[in-house]
Amino acid sequence: SSDLPGGDWYSMNIIIVGCGKVGYALARELSNEKNDICIIDKNNVALQNAVNILDVQAVCGDGTSYKILLDADVQDADLLIAVTDMDEINLLCCLMAKKAGNCQTIARVRNPQYYEEINYIKEELGLSMAINPERIAAFEIARLIHFPSALEVDTFYKGRVNLISLTIGKDSILDGMSLIEFSKNTPGNVLICMVRRNGKVEIPTGSFVLKEGDTFSCILKFKDSYDFLSKVGVNTKPIKNVIICGGGTVAYYLCLELVKAKIDVKIIETDDKRCTELSELIPEAIVIHGDATDKRILLEEGIESADAVVTLTNIDEENILLSMYTHHVSKAKSITKINKIEFEEVIRELPIGSVVAPKNITSHYILRYVRSMQNSKGSNVETLYKMFGNEAEAMEFLIKSDSKITKKTLENLNIKPNVIVAAIYRNHQVITPSGKDIIQKGDSVIIITTNTGLGSIDDIIAE
């Protein structure tokens, strides 16, 4: 593996088994970060497409085959990631790779039955990580439901700190307010760290003036969230009932979370057999057998008075149209699942509320793990969120040893442009940093930047 700038960060040899949506998204992200990627898949057309567009190698064949793994140089691999459509194949690929090359392994495991036994499976197969895209997408949606007005909600320090994205509406008290005024007038330590205006994302300075139509991200303690949202005139009325369109695996996991939070749930599903299954699995939910794209059914089931509508059918176009219809007839919060996010800049302009893309969330979770492997000495990437269509990143670093960033106050560090030190977590306390603060060994630090691809916290320093 060749050394890269940024302390102990190095490029890795990574094998990805499966060249579907998730495999391709992963290959794109990881090759962009200068890792050596080899994709294994039986579908030669999909592989050829990836090789033509991305800087990757490919081996056509079965990822469970010892010979194919050797052809992909498994003996020199640092990591194998198995993301085919079959859980059993993913697990077997990881087992074979462990025996053939002794690399670290990550498997996509989607079956709820396997996932209940995942700790045992991980231990027995020596898996480094198991990831369930539907489950993490459901958690993401549940977080959004707990903050009705937020477009995105990301959490740090095990839920103690939130990064919330909001759009400034008409007649908002924030319209025309500079960030200096904002910091004087808002309760608690709330820091605005990113603003998107006219499609452009920037890290604002104190003189920046907020305007109607801006989408901004602010970081604040969980306990201050509702007080802040109320102060700036944002709806904090809790969501009490949710309509879910589509009864697939994401709907199942989401329903479990909502029922736990004492939220009333209705699921509308076209498949009669699946309706019976869901009724048995989650007796607290109301399951309606019907087509969610039938306007009559939506009106009968109370879409006009619902607090939130989540569109989780398997067809993106249906989800988009259902969310647009929700926006037309109701004040409900809309959350839209999208699988193909190639047209994200177009989708962004549509009135479809928050967009959740399971394949992107999956690749970001794995990317976080890879970044931690790449730099395990000085600072670990504990949490990583891609924001505003991958234009910005929010990362939590654990500072494991003293380095150039622990020697000086923040105002005396030569921090690169478009980087902000957003919070420091020390001795169970969240610190909103000032120029006089010094980062210490043992701290967890949140960095927000539009310079994507940081591997180590030392990378925030300009040489």
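The values are calculated or read from the model by the stated rules, or taken from the named source; none is laboratory data. Remember, it's a predicted structure, so these values are computed and weren't measured experimentally. No Cβ is skipped: glycine too gets one built from the backbone with ideal geometry, and neighbour counts run over all protein chains shown. Quick note on the areas: whole protein, heavy atoms, side chains included, nothing else; ligands and nucleic acids left out. Shrake-Rupley method; radii C 1.70, N 1.55, O 1.52, S 1.80 Å.
Some observations on this one:
- Of the residues examined, Val22 is not one that is open to solvent by less than 20 Å² (accessible area, probe 1.4 Å) and either among the acidic types (Asp, Glu) or under 15 Å from Ala77 (Cβ atoms) (or both).
- Selection within the range 90-111 - closer than 27 Å to Asn339 by Cα and either in contact (Cβ under 8 Å) with a residue 40 or more places away in the chain or open to solvent by 70 Å² or more (accessible area, probe 1.4 Å) (or both): Asn90, Leu92, Cys93, Ile106, Arg108, Arg110
- The condition of being in a helix (DSSP H, G or I) and farther than 28 Å from Asp154 by Cβ holds for only one of Leu299, Leu256, that being Leu299.
- The set of residues in the range 278-287 that are farther than 14 Å from Tyr253 by Cβ, part of a helix (DSSP H, G or I) and either open to solvent by less than 90 Å² (accessible area, probe 1.4 Å) or touching a residue at least 24 places away in the same chain (Cβ under 8 Å) (or both) contains only Ser279.
- Selection within the range 292-316: residues that are closer than 16 Å to Gly248 by Cα and of a type in the set (S, T, N, Q). The member of this set that is surrounded by the most Cβ atoms within 10 Å (Cβ to Cβ) is Thr311.
- Answer residue from the range 30-47, given it is farther than 18 Å from Thr84 by Cβ and part of a helix (DSSP H, G or I) and is least open to solvent (accessible area, probe 1.4 Å) among those: Ser31
- Only a single item in (1) under 23 Å from His364 (Cα atoms); (2) aliphatic (A, V, I, L, M); (3) surrounded by fewer than 20 Cβ atoms within 10 Å (Cβ to Cβ) is not met by Ile81, and it is number (3).
- Unique residue being touching a residue at least 24 places away in the same chain (Cβ under 8 Å) and under 22 Å from the mean Cα position of the chain (by Cα) when the list is Val430, Val370: Val370
- On inspection, Glu277 passes the criterion of being farther than 25 Å from Thr326 by Cα and either modelled with pLDDT of 95 or more or touching a Leu at 6+ places or on another chain (Cβ under 7 Å) (or both).
- Looking across the range 175-222, the residues that are within 21 Å of Ser434 (Cβ to Cβ), open to solvent by 40 Å² or more (accessible area, probe 1.4 Å) and part of a helix (DSSP H, G or I) come down to Ile180, Glu181, Ser183, Lys184, Asn185.
Rundown of residues vs (1) modelled with pLDDT under 90; (2) of a type in the set (A, V, I, L, M); (3) in contact with a Gly (Cβ under 8 Å, 6 or more places away or on another chain); (4) open to solvent by less than 40 Å² (accessible area, probe 1.4 Å), yes/no style:
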| residue | (1), (2), (3), (4) |
| --- | --- |
| Glu391 | yes, no, no, no |
| Met395 | yes, yes, no, yes |
| Lys400 | yes, no, yes, no |
| Leu413 | no, yes, no, yes |
| Ala422 | no, yes, no, yes |
| Ile439 | no, yes, no, yes |
| Asn451 | yes, no, no, no |
| Leu454 | yes, yes, yes, yes |
| Ile457 | yes, yes, yes, yes |
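- Residue match in the range 317-327 (condition: open to solvent by 10 Å² or more (accessible area, probe 1.4 Å) and either polar (S, T, N, Q) or closer than 30 Å to Asp459 by Cα (or both)): no
- Close pairs from the range 112-134: first open to solvent by 50 Å² or more (accessible area, probe 1.4 Å), partner not acidic (Asp, Glu), Cβ under 7 Å, at least 6 apart: Tyr114/Ile121; Lys122/Ala130
- Residues (over 19 Å from Ser334 (Cβ atoms), crowded, with 21+ Cβ neighbours inside 10 Å and of a type in the set (A, V, I, L, M, F, W, C)) located in the range 146-174: Phe156, Val161, Leu163, Leu174
- Filter result for Thr293 (of a type in the set (Val, Ile, Thr) and part of a loop (DSSP other than H, G, I, E, B)): yes
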